[in-house]
Amino acid sequence: LLVFFVPEMSRREKPVYLNGDIRSAHIRRGGGDEKCTREEIERFLRDASDSPFDGEIMTDLRAEDFFEAKTLAWYRRIFQDRNGGKHAELNDVEFLHEFGFVREHEDTLAPTRAGVLLFGAERNVRQVLNRAVVDYQRLDRSVEDEDSEVRWDDRVVIEENLIQTWQTLFEKYAQLASHKFGLDASTMRRADDPPDFVTFREAVVNLIVHQDFGDSRRMPTIKIFRDETQLFNPGHAFA
């Protein structure tokens with residue numbers, strides 16, 4: 001019996017292939033090796049790049065008008081409340097430039113892919129992401145229910161920017177949440193946030209943000225059953 005240990009290569013060294021032909025790259029699935037699809041090879045190359053995919057400058061969009069004004073105003077209001085009014089004196093483009101959401105390109109400013117995904121108007125989000133951001137489904141039955149006649153009881157396929165996506169999903173959550181009344185013993189203020197809100201917020205924000213935006217074939221999904229919530233997003237963590 002021969003036992004071999006094959007260490008995993010770092011993300012910068014993938015995909016692994018022989019004879020100089022990247023088309024012959026294989027991927028490990030379970031107990032076997034399968035030839036990579038074109039999309040899988042592209043994903044490996046995106047992950048290996050020193051330049052992050054969402055840092056790409058969208059040269060055909062203008063820094064002055066790519067964003068959705070209400071979204072950016074919402075974000076700036078929260079940012080300033082939490083940071084003592086920091087950068088309140090900057091106009092919108094200057095604010096975006098300060099954090100790298102717009103960058104210099106040939107003597108002008110243009111948004112990055114991340115800037116468009118976070119703050120972009122819907123038409124611009126579609127330009128940089130040729131699929132929806134999230135497919136939300138509510139199924140009023142248990143996971144084990146095999147009834148296939150009703151595919152879902154509520155569904156929305158969200159194609160807006162990431163902040164608007166979060167706002168839409170929060171509204172969906174608020175419709176389903178069971179509120180539990182309580183009092184904070186130190187402040188005597190009412191605390192009626194649903195007990196599972198923090199879990200929902202962390203899971204959904206991670207799903208929205210940590211997805212492979214270069215993957216056009218797979219779409220993040222949220223399926224809420226009566227007894228279980230399932231979340232899926234394409235891609236994987238660098239760490």
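Looking at this structure, is I78 under 21 Å from D215 (Cβ atoms) and modelled with pLDDT of 90 or more?
No; evaluated as a whole, the condition is false for this residue.
When the residues of the stretch 45-61 are narrowed to those that are within 21 Å of L129 (Cβ to Cβ) and of a type in the set (D, E), which ends up surrounded by the fewest Cβ atoms within 10 Å (Cβ to Cβ)?
The qualifying residue surrounded by the fewest Cβ atoms within 10 Å (Cβ to Cβ) is D60.
With a cut-off of at least 2 residues that are surrounded by fewer than 21 Cβ atoms within 10 Å (Cβ to Cβ) and touching a Lys or Arg at 6+ places or on another chain (Cβ under 9 Å), name the strands (runs of 3 or more DSSP E) lying wholly within the stretch 95-145.
108-111, 134-138
May I ask you to say which residue of E64, E8, E42 is under 27 Å from L162 (Cβ atoms), assigned to a loop (DSSP other than H, G, I, E, B) and open to solvent by 50 Å² or more (accessible area, probe 1.4 Å)?
Selected residue: E64, the only one of E64, E8, E42 that is under 27 Å from L162 (Cβ atoms), assigned to a loop (DSSP other than H, G, I, E, B) and open to solvent by 50 Å² or more (accessible area, probe 1.4 Å).
Report yes if some residue within the stretch 142-154 is modelled with pLDDT of 90 or more, more than 24 Å from L72 (Cα to Cα) and touching a Pro at 6+ places or on another chain (Cβ under 8 Å); otherwise report no.
There is no residue in the stretch 142-154 that is modelled with pLDDT of 90 or more, more than 24 Å from L72 (Cα to Cα) and touching a Pro at 6+ places or on another chain (Cβ under 8 Å).
For the stretch 28-39, what are the residues that are surrounded by fewer than 16 Cβ atoms within 10 Å (Cβ to Cβ) and of a type outside the set (K, R)?
Listed by number, the residues that qualify are G30, G31, G32, D33, E34, T37, E39.
Take E40 and tell me if it is out of contact with any helix residue (DSSP H, G or I) (no Cβ under 9 Å at 6 or more places or on another chain), farther than 15 Å from F119 by Cα and modelled with pLDDT of 90 or more.
No: the conditions fail for E40.
Among residues belonging to the stretch 67-87 that are of a type in the set (K, R) and more than 23 Å from E122 (Cα to Cα), point out the one that is surrounded by the fewest Cβ atoms within 10 Å (Cβ to Cβ).
Step by step, filter the stretch 67-87, then rank; the result is R82.
Could you grab the pairs with beta carbons closer than 8 Å, sequence gap of 6+ or different chains, first residue in the stretch 10-25 and under 9 Å from C36 (Cβ atoms), second one of a type outside the set (D, E, K, R) and surrounded by fewer than 12 Cβ atoms within 10 Å (Cβ to Cβ)?
Pairs that qualify, where the first residue is under 9 Å from C36 (Cβ atoms) and the partner is of a type outside the set (D, E, K, R) and surrounded by fewer than 12 Cβ atoms within 10 Å (Cβ to Cβ), are S24/L18.
The values are calculated or read from the model by the stated rules, or taken from the named source; none is laboratory data. Just so it is clear, the structure is predicted and the values come from calculations on it, not from any experiment. Here Cβ is always computed from backbone atoms with ideal geometry, including for glycine, and neighbour counts include all displayed protein chains. Ligands, DNA and RNA are stripped out before the accessible areas are found, and what is left, the full protein with its side chains, is counted by its heavy atoms. Shrake-Rupley method; radii C 1.70, N 1.55, O 1.52, S 1.80 Å.
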